[in-house]
Amino acid sequence: MSSLVTSNTTLSSLTDEQQLILNNVREFVQTEVKPRAPQIDKTAQFPHDLFKRCAELGLTGLAIDEEYGGLGQGVLMEQLVMEEIAKECPVLALILDAHLLSYRLINHFGSKEQKKRFIPPTASGAQITAMASTEATGSTNFAEQQPMGKRDGDGIILNGTKLFTTNSDVAGFYIVQGMVDGEFVNVIVEKGTPGLETGAIDHKLGMAGSSTGTVRFKNLRVPKENILAEHSDVQDASFALCFLNISSISIGLAEGVLEKTKTYLLNRTRNHKPLAGFQVVAHHLAKMQTQIELAKSILERAAKLYDEGRPDVVLTFMTKAFACEMAVDVANLCIQLHGAAGYMEETGIARYLRDAKCNTIGEISTDIHYDYIALRMGLPIDTSFPLFG
């Protein structure tokens, strides 16, 4: 399916190096990722081999500064790569997203020494990373969350449990978030630290293979050098930046399932005519393409503002909410257009809907995003979520 003006404008503005990276990613996706995607979904096994290949291609450090071993390609380029991978395997893109989220927090909150110590292995893919933040009371229910630790000299003693941690059992270190003595803190917990335990992998509706599970802390001591700078401004744009990757994954997912649906409908006939030629079907396809292009347009604008040093947090929230809901709608309709074949796991269409649903919940649910947007519109939203402070 040909791209529209928004996509062509983006691609034409890339440098020769960026075009080469994107071409390599597309070849990697078609030759290595696409054949593996159904197996990953069926077995729910973490794709260590594909993550290693991502590292070899520089994708684990795509937007990381060259000073720390990354390619320094910026936010927009990272979104384009996430989109390409998600067309065939959204779960691999999600694994990369969770991995890079830790980098963003260290890059913003970390000291020079912490950046030199923890970011290079993240950029090279030598260590997979994860963020542990969600508690049983809910990820944004701060009023009911229990303190996860207490001060102990210049360190912190952690006790508690974090749920739904992506990359939980494969991470080399974790960024752990929570309340300590009335303050919201970010700390780094390394694999092998006494008191760190990981639970069984959760069985999810979709995104199988992303190793989502529980992380527990029992009298675990975090030394001073692993405590990131305390920062009360959680509303910072660096925090919201993670929403763009999820948006890109949703857009790529929608493109992937739509392309497969278009191909199916061009070959499937009724009364000896392709189903894609019937007006009602053609209009469904055209409307879905329009929704995808709208999502790509707002994502491109938000990403470029980050690269220009003028981030728009509200726009980032809008991007995440719109793109993720759009992907669910597209995947759902594509199943319908396949008829019974779309409902069968063997066709590989149903997994797109299962994967898409994750993104409307993960990294803060869509409803919270709309709450934030409504508040910025001047509406009297009643919430205690720190991002709204």
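Coordinate-derived values only; no laboratory data. Note that this is a predicted model, so its numbers are computed, not measured. Counting neighbours? That spans all protein chains shown, and the Cβs are built from the backbone with ideal geometry, glycine included.
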So who's got an amide H within less than 5 Å of the one on residue 220, skipping anything under 5 residues away but keeping other chains? H placed 1.01 Å off N, in plane.
158
What ³J(HN,Hα) values, in whole Hz, does the Karplus curve 6.51 cos²θ - 1.76 cosθ + 1.60 give for segment 163-176 when θ = phi - 60°, with x put for Gly and Pro?
9, 6, 8, 6, 6, 4, 9, 10, 6, x, 7, 10, 8, 10
Note, residue 155: beta-carbon cut-off 13 Å, +1 each Lys/Arg, -1 each Asp/Glu, net 0
Within straight-line cross-link reach of residue 287, lysines at Cα separation under 19 Å, skipping those fewer than 8 residues along the same chain:
87, 260, 262, 296
Long-range amide H partners of residue 128, meaning residues 5 or more apart or on another chain whose placed amide H is closer than 5 Å, are 172
Tilt of helix 313-338 relative to the longest C-alpha principal axis of the chain, in degrees (0 to 90, nearest 10)?
40 degrees
Per the Kirkwood definition applied to all pairs of different Cα atoms, how many angstroms is the hydrodynamic radius of segment 129-226?
13.6 Å
Take peptides 39-49, 363-373, 323-333 and line them up by average Cβ neighbours within 10 Å, highest first, as a rough protection proxy.
323-333, 363-373, 39-49
How much of the DSSP bridge set in the chain is antiparallel, in percent, rounded to the nearest 5?
85 percent
Run the helix sum for the chain: -39,500 (n - 2.57) per DSSP H stretch of 4+ residues, divided by residue count, reported at 222 nm to the nearest 500 deg cm²/dmol.
-16000 deg cm²/dmol
On a C-alpha basis, how far is the centre of segment 53-83 from the centre of segment 148-186 in Å? Whole number, if you could?
27 Å
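For a 31 Å ceiling on Cα separation, which of these pairs sit above it: 218/304; 112/304; 150/357?
218/304; 150/357, as the Cα separations exceed 31 Å there.
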Provide 91, 25, 215 in ascending order of the number of other Cβ atoms located within 10 Å of each residue's Cβ, fewest first.
25, 215, 91
Residue by residue, what Karplus-based ³J(HN,Hα) values in Hz, rounded to whole numbers, does segment 95-112 have, using 6.51, -1.76 and 1.60 with θ = phi - 60° and x for Gly and Pro?
4, 5, 4, 4, 5, 6, 4, 4, 4, 4, 5, 5, 5, 8, 8, x, 7, 4
Amide H neighbours of residue 178 under 5 Å, counting only residues 5+ apart in sequence or on other chains, H built in-plane at 1.01 Å?
185
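How do 217, 51 rank when sorted from fewest to most other Cβ atoms within 10 Å of their own Cβ? Walk me through the intermediate numbers first.
Working: 217 24, 51 20.
Result, fewest neighbours first: 51, 217.
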In order over segment 53-60: 3J(HN,Hα) from phi, Karplus 6.51/-1.76/1.60, θ = phi - 60°, whole Hz, x for each Gly or Pro, gives 5, 4, 5, 5, 7, x, 6, 6
Identified option (computed P(r) over Cα pairs in 20 Å bins from 0, in percent; candidates (i) 30, 63, 7; (ii) 28, 58, 13, 1; (iii) 26, 51, 20, 3, 0):
(ii)
On a 0 to 90° scale, report how tilted helix 366-376 is relative to the longest principal axis of the chain, with both axes built from alpha carbons and the result rounded to the nearest 10.
70 degrees
GNM flexibility winner over the chain from 100, 253, 315 (Cα, springs under 10 Å):
315
For the chain, averaging the sequence separation of alpha carbon pairs under 8 Å that lie six or more residues apart and dividing by its residue count, the contact order in percent is 17 percent
Segment 5-124, Kirkwood Rh and Cα Rg, ratio Rg/Rh at 0.99
With everything on Cα atoms, drop me the angle between helix 75-86 and the longest principal axis of the chain, reported from 0 to 90° to the nearest 10.
60 degrees
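Of 264, 306, how do they rank once you tally other Cβ atoms within 10 Å and put the fewest first?
Least to most surrounded, the residues fall as 264, 306.
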